[in-house]
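Working notes, beginning with the structure itself.
The values are calculated or read from the model by the stated rules, or taken from the named source; none is laboratory data. Predicted model, so just to flag it, every value in this text is computed and none were measured. Reconstructed Cβ throughout: ideal geometry from the backbone, glycine too, with neighbour counts over all protein chains shown. Just so you know, the surface numbers come from the protein's heavy atoms only, side chains and all, with ligands and any DNA or RNA stripped out. Shrake-Rupley method; radii C 1.70, N 1.55, O 1.52, S 1.80 Å.
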Amino acid sequence: PSVPRHTNRLINEKSPYLLQHAHNPVDWYPWGQEAFDKAKTENKLIFLSVGYSTCHWCHVMEEESFKSKEIGEIMNEHFVCIKVDREERPDVDKVYMTFVQATSGGGGWPMSVWLTPDLKPFAGGTYFPPEDGVHRVGFRTVLLRIAEQWKENKDALLESSQRILEALRHTSDICVQGQESPPPPKEVMDTCFQQLSRSYDEDYGGFSKSPKFPTPVNLNFLFTYWALHRKTPEGARALQMALHTLKMMAHGGIHDHVGQGFHRYSTDQHWHVPHFEKMLYDQGQLATIYSRAFQISGDEFFADVVRDILLYVSRDLSDQVGGFYSAEDADSYPTTTSEEKREGAFCVWAAEELRALLPDPVEEATEGTTLGDVFMHHYGVEEAGNVDPMKDPHQELKGKNILIARCSLELTAARFGLEPGRLSALLWECRQRLSSARAQRPRPHLDTKMLAAWNGLMISGFAQAGAALAEQGYVSRAAQAAAFLRTHLFDTNSGRLLRSCYRGKDNSVEQSAVPIQGFLEDYVFVIQALFDLYEASLEQGWLEWALHLQHMQDKLFWDPKGFAYFSTEAGDPSLLLRLKDDQDGAEPTPNSVTVTNLLRAACYSGHMDWVEKAGKLLAAFSERLQKIPITLPEMVRATAVFHHTLKQVVICGDPEGEDTKEMLHCVHSVFSPNKVLMVADGDSAGFLYRQLPFLASLERKDGKATAYICSNFTCSLPVTSVQELRGILS
């Protein structure tokens, strides 16, 4: 590679996204005091650009504008330019995205915002083309107009920015109204179900026409709704909606049939043409939701999808030391000699390429049939490519095919005169060949940043899959990742989580010069992961750490006046707003997950003030939950759990004994959204016995492993039959 002509301050950062911009002619600064001081000293506006390393339109704007010497000169002359990785600093991203959404009606990345020297926003948008077009003002024009406004109308801009900030403070305030209590669960659950049911796509699953996102929060809600309404038509429909959506996603092009894992979202109604980036938070949540689908249905199809996701993460998103990387990019070079990256280049196929890779005759099939014929029929391959030109505006996928399972195994087998079992083996062989061929292509960029929150989601995925599928290897991988978090993203001196760490040279793990402290989402998703890991492994150390982190979360983020948790801790003067997220999106909002965390923490510790806190949190969101529950399906689900009271399932027995293992397997194999599991192994000095004195009164019946179903620490009669236990849990 040639020596770069420009190098800016971002060269000293650890974030892969910031490093991508380290050789732009723009004089970029990272978010921090040096940039703020320069803006004030020179009385300059700030241009803030926020994105992430696997963001397609971030790459486009960099190529068109930030690599332009001419545009760079305009930016450097009139603005102090700051780059932020939204995954590193979700706090900064959220404040200014709130502004962009409020003033433009939309949002996304790259986010482009202009700020006064005291960090107040007054203009913003997302992607800007470099030059003026028929329907859009170009970035160069916007820069020059804003610079002129600052020169001519500075006082008006300052006044406007102050008004905007006051309005944002008012509209983003979430707090308890008067003596409000948690909302009524039945009405909230039913309204949420009806709203999802109305938006459901009967043919292809999912909850919109296009684009279509996986939205695990919706599916998780539907599973809980079914569990609480099993014998009603509504319950049956909720289950059908969730399982059909999961099947259609797994058959679709959003699922990488050759390289495993799931892409970010589908651009069409049919789950066919994806946006090709792969995010860790999707893999973690989808591993969990497919595990639950397997628990509920017993269908091995769902278990196979879980294994597929975890294979991808273990192979491609895992650090040698135990953490999980953040993402893989959508764009890559089609060949080793290509000069331009294309979206999806790593994943798509030309028909002739497949024929060349799969020429072998299939002896058992109708005469003249090749492996290519069978594979191309099953996965919807067309000679001219199978991508609708309307879904390919830049013609990056012209003549290419995105694999999508168009037929069931039975239909394809019948078409070629094969047994379904034999067809399955042939398709597996074909996918292996394609995987080897794909390994010769240039890989997409890998974001090797490791985030506490997303690692938490992935630990939950491995732990819940290990429990549901009875795969101890998955539980061990979850434990390895949790140990990684404890070593690299936890400050033992302060007892606090850190947000991020990075893969360094020679596969070492590096930290920023000034580590970023953990945000609410880091605590919430790690606490959830540790509870899931305890239930899968029964290692009480994870439970102890989870309860410590819950105490720390309360101390750093709880709002004692308005209730619920702020996303950020107090005391950062560069953050103009202290917000509470109010929408479940690609990830559930931390306050939604916290309700269940608090209830689990109370069950494991006996501290009933956590139950009270959960009620106060729900009260703070009561109005939103009653008006538009579809925006908070995970919190709606938690509302039901709050009102139904968690069952403490206590197994008395030797964890190594076969009878205990059989009971544990029974508990793990049943989907029950309102239970916590613990094992009373007779170790009166152990952590659980110290927390919960009532465990000492429980004993094995007739020397056998015995289950007790407890509610608020009051226990039922002992159960020694696995069949009886299954009936109770169901």
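Residue by residue, here is whether (1) over 24 Å from His170 (Cβ atoms); (2) surrounded by fewer than 24 Cβ atoms within 10 Å (Cβ to Cβ); (3) without any contact (Cβ under 8 Å) to a residue 12 or more places away in the chain; (4) β-branched (Val, Ile, Thr) holds:
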{"residue": "Arg578", "(1), (2), (3), (4)": "no, yes, no, no"}
{"residue": "Pro588", "(1), (2), (3), (4)": "yes, no, no, no"}
{"residue": "Thr594", "(1), (2), (3), (4)": "yes, no, no, yes"}
{"residue": "Val611", "(1), (2), (3), (4)": "yes, yes, no, yes"}
{"residue": "Ala619", "(1), (2), (3), (4)": "no, yes, no, no"}
{"residue": "Pro629", "(1), (2), (3), (4)": "no, no, no, no"}
{"residue": "Val641", "(1), (2), (3), (4)": "yes, yes, no, yes"}
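Summed over the stretch 409-447, the residues that are buried (at least 21 other Cβ atoms within 10 Å of the Cβ) and part of a loop (DSSP other than H, G, I, E, B) give a count of 2.
Can you find even one residue in the stretch 341-348 that is at pLDDT 95 or above and surrounded by fewer than 18 Cβ atoms within 10 Å (Cβ to Cβ)? Among the residues of the stretch 341-348, not one is at pLDDT 95 or above and surrounded by fewer than 18 Cβ atoms within 10 Å (Cβ to Cβ), which makes the answer no.
Every condition in (1) modelled with pLDDT of 95 or more; (2) open to solvent by less than 30 Å² (accessible area, probe 1.4 Å); (3) in contact with an Asp or Glu (Cβ under 7 Å, 6 or more places away or on another chain) holds for Ile174 except the one numbered (1). Among the residues of this structure, Pro573 does not count as one that is more than 27 Å from Leu729 (Cα to Cα), in contact (Cβ under 8 Å) with a residue 12 or more places away in the chain and of a type outside the set (Val, Ile, Thr).
Out of the residues in the stretch 226-262 that are in a loop (DSSP other than H, G, I, E, B) and among the polar types (S, T, N, Q), which is surrounded by the most Cβ atoms within 10 Å (Cβ to Cβ)?
Result: Gln260.
What are the residue pairs meeting all of these: first residue in the stretch 672-696, first residue open to solvent by 40 Å² or more (accessible area, probe 1.4 Å), second residue in a loop (DSSP other than H, G, I, E, B), Cβ atoms under 6 Å, and 6 or more apart or on different chains? From residues that are open to solvent by 40 Å² or more (accessible area, probe 1.4 Å), the pairs are Asp681/Pro655; Gln691/Gly606.
Looking only at residues in the stretch 365-406 that are acidic (Asp, Glu) and modelled with pLDDT of 95 or more, the one that is farthest from His251 (Cα to Cα) is Glu383. The set of residues from the stretch 144-171 being closer than 16 Å to Asn43 by Cα and open to solvent by less than 70 Å² (accessible area, probe 1.4 Å) comprises Ile146, Ala147, Trp150, Asn153, Lys154, Ala156, Leu157, Leu158, Ser161. Does the stretch 471-486 contain any residue that is part of a strand (DSSP E or B), open to solvent by less than 10 Å² (accessible area, probe 1.4 Å) and not acidic (Asp, Glu)? Looking through the stretch 471-486, none of the residues is part of a strand (DSSP E or B), open to solvent by less than 10 Å² (accessible area, probe 1.4 Å) and not acidic (Asp, Glu).
Evaluate the following for Gly571: is it open to solvent by less than 10 Å² (accessible area, probe 1.4 Å), farther than 24 Å from Arg486 by Cα and of a type outside the set (Phe, Trp, Tyr)? Against the criterion (open to solvent by less than 10 Å² (accessible area, probe 1.4 Å), farther than 24 Å from Arg486 by Cα and of a type outside the set (Phe, Trp, Tyr)), Gly571 does not qualify.
Name the residues in the stretch 487-510 that are in a helix (DSSP H, G or I) and surrounded by fewer than 15 Cβ atoms within 10 Å (Cβ to Cβ), would you?
Thr487, Lys505, Asp506, Asn507
Could you please find all residues in the stretch 528-567 being among the acidic types (Asp, Glu), open to solvent by less than 40 Å² (accessible area, probe 1.4 Å) and under 24 Å from Ser684 (Cα atoms)? Residues satisfying the conditions are Asp532, Glu535. Selection of the stretch 199-225 for residues being closer than 18 Å to Glu587 by Cα, of a type in the set (S, T, N, Q) and open to solvent by 10 Å² or more (accessible area, probe 1.4 Å) yields Ser208, Thr215, Asn218, Asn220. Taking Ala707, is it open to solvent by 70 Å² or more (accessible area, probe 1.4 Å), hydrophobic (A, V, I, L, M, F, W, C) and under 23 Å from Trp542 (Cα atoms)? For Ala707, the condition - open to solvent by 70 Å² or more (accessible area, probe 1.4 Å), hydrophobic (A, V, I, L, M, F, W, C) and under 23 Å from Trp542 (Cα atoms) - is not met.
The number of residues in the stretch 511-527 that are open to solvent by 30 Å² or more (accessible area, probe 1.4 Å) and among the aliphatic types (A, V, I, L, M) comes to 2. For beta carbons closer than 7 Å, sequence separation of 6+ or different chains, a first residue in the stretch 541-567 that is farther than 21 Å from Ser592 by Cβ and at pLDDT 95 or above and a second that is part of a loop (DSSP other than H, G, I, E, B) and open to solvent by less than 10 Å² (accessible area, probe 1.4 Å), the qualifying pairs are His548/Gly495.
The residues of the stretch 67-93 that are closer than 17 Å to Glu131 by Cα and surrounded by fewer than 24 Cβ atoms within 10 Å (Cβ to Cβ), listed by number, are Lys67, Ser68, Lys69, Glu70, Ile71, Gly72, Glu73, Ile74. Considering only the stretch 288-306, state which residues are open to solvent by less than 50 Å² (accessible area, probe 1.4 Å) and either of a type in the set (S, T, N, Q) or farther than 19 Å from Arg230 by Cβ (or both). Once the filter is applied, which keeps residues that are open to solvent by less than 50 Å² (accessible area, probe 1.4 Å) and either of a type in the set (S, T, N, Q) or farther than 19 Å from Arg230 by Cβ (or both), the stretch 288-306 yields Thr288, Tyr290, Ser291, Gln295, Ala303, Val305, Val306. Checked against the criterion of being without any contact (Cβ under 8 Å) to a residue 60 or more places away in the chain and not hydrophobic (A, V, I, L, M, F, W, C), the candidates Gly368, Gly322 yield just one match: Gly368.
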